[in-house]
Amino acid sequence: MIMQCALAGYWNWILTTSMMRRWIFHYEMSSAIVRLITFIVITWSISAWVNSRNGPDQPIRTWIINCFILLITDIIRLSIVSDPKYHGKAANVKDPNLFLKLTVMKVLIFPMSVATCLSVFAVLRQIDQLQYTTSQLMVGDAALDSQLRYSETTTAAVSVLVLIISSWSQTSYERRQMLRKSALRLLSPHSNRISVQYRFVIGQPPSASHQLHGNAMRQESGIYHDLLMVKSSDTASDKSRKVFEAMRWAKQMGHDYIVKSDDNVFVRWDAILQELDALGPKPFYWKGFTYRNIPVHSMPDAKSLHIDYGLPVLPAYTHSMLYLFSRDMLDLIVYPNAPRKFIHGDGENIAIWLFGFNIQPVHDKRIQDGDNVCENDMIGKRMNVLSDMYKMYLNIVNQRPQCTGFDATACAMCYDCKDKKVTWRTLNLACDQQRGISLKEMSGFAQVAGKTPY
């Protein structure tokens, strides 16, 4: 659209300046100004009429029509004013139509060719990007290791499915490799009463180059049999849709519990499995690090909601790095098959999808996201350095405190801050050990109550 707009502006400028020269040459200044104003009114009226006929949802068609009208007008103008007697002595002109040909090439054909070529390249690039980044265009079933052996999901009293969100990037590949030799080794069930399966969830190839190198992903799948490719974009902005498609697939598997994590999170799977084994199947169970009554405009990670999110306060939600819920929760999330809102944070998105069912998450303070926090009873910690995962794994298998050798100068959220240099209590947050995190002072209450504008 930009190229068509620029081309229309260029042709309109050529037409206006050429006509203005003729009017100044043949008429008085006042008459030339009247003609110029009349010409501007006519062109604006035609442009407004074309725009009204096509509407705001067809900008490309509008500017193409404007370009076509200007092209016809310029051709008519050139055919009238290109008489060689106005451009020098006729005796010196071998070809009477030389001026017309040169002007047509310079003013019409060359700019139109440039605009057309650039438009074609821009359209091809947009189509290429849409093909790999638009989840709405992706249909079909999950691929790669989408089949689970039936016996492994039905023989135990409690079955658990772990979904680890990953991607096609080289960094995610290195994270998967590190998890396979560290945290995932803790995933072995400690008794025959519980069974567990896991999958790394990836989206569709994010670009043509990734698709050409798809053999590497298939080889990884053939070796480890733990990759699930869902029909969703693999971009970071579409993470919630990727999680949703993974849940749609998980609904077909029939596990008692579904645990969602990210590929940069170290999880104490041994502790989680022991707790789920003791808990047994439980209806409408939802657990994670919980936030409650958080105004949309007060949290930095909620900026993506500013444009079109209607509720002033977020429903109670769990941190997206690690949460779990029971099988019947999938019925509320996946069904009915209707249009739904997708935002960047999948933890907030789960809460939005469950809004109205009056199901509250269970708070678990042992899930921590800070770099410089570590507690020996934590079950989930985000690791920005890959080697830290293996270091914590060695601490666990060697029966050392898991935080040995880790930075623990800051106080973890909802933990006792005794002897800690940095405390979360200075962040204007309050923690209820049962209900989770909320604002100590409802900084967004005035906006929620309508007392002050946002």
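Couple of notes before you dig in:
- Filter result for ARG199 (surrounded by fewer than 22 Cβ atoms within 10 Å (Cβ to Cβ), in the same structural domain as GLY254 (by TED's automatic domain parsing) and touching a strand residue (DSSP E or B) at 6+ places or on another chain (Cβ under 9 Å)): no
- Taken together, the residues in region 184-195 that are surrounded by 17 or more Cβ atoms within 10 Å (Cβ to Cβ) and under 17 Å from ASP262 (Cα atoms) amount to 3.
- Condition check for ARG435: assigned by TED's automatic domain parsing to the domain that holds TYR317, among the basic types (Lys, Arg), under 21 Å from HIS319 (Cβ atoms) and touching a residue at least 12 places away in the same chain (Cβ under 8 Å): no
- 2 or more residues aliphatic (A, V, I, L, M), closer than 13 Å to PHE325 by Cβ and in contact with a helix residue (DSSP H, G or I) (Cβ under 7 Å, 6 or more places away or on another chain): qualifying helices (runs of 4 or more DSSP H) within region 213-295: 239-253
- With respect to the stated conditions, LYS391 is surrounded by 13 or more Cβ atoms within 10 Å (Cβ to Cβ), closer than 23 Å to ASP270 by Cα and without any contact (Cβ under 8 Å) to a residue 24 or more places away in the chain.
- Tally, over region 168-187, of residues that are within 14 Å of ARG199 (Cα to Cα) and at pLDDT below 90: 1
The values are calculated or read from the model by the stated rules, or taken from the named source; none is laboratory data. Note that the structure is a prediction, hence the values are computed from the model and not measured. Virtual Cβ from ideal backbone geometry, glycine too; neighbours counted across all protein chains shown.
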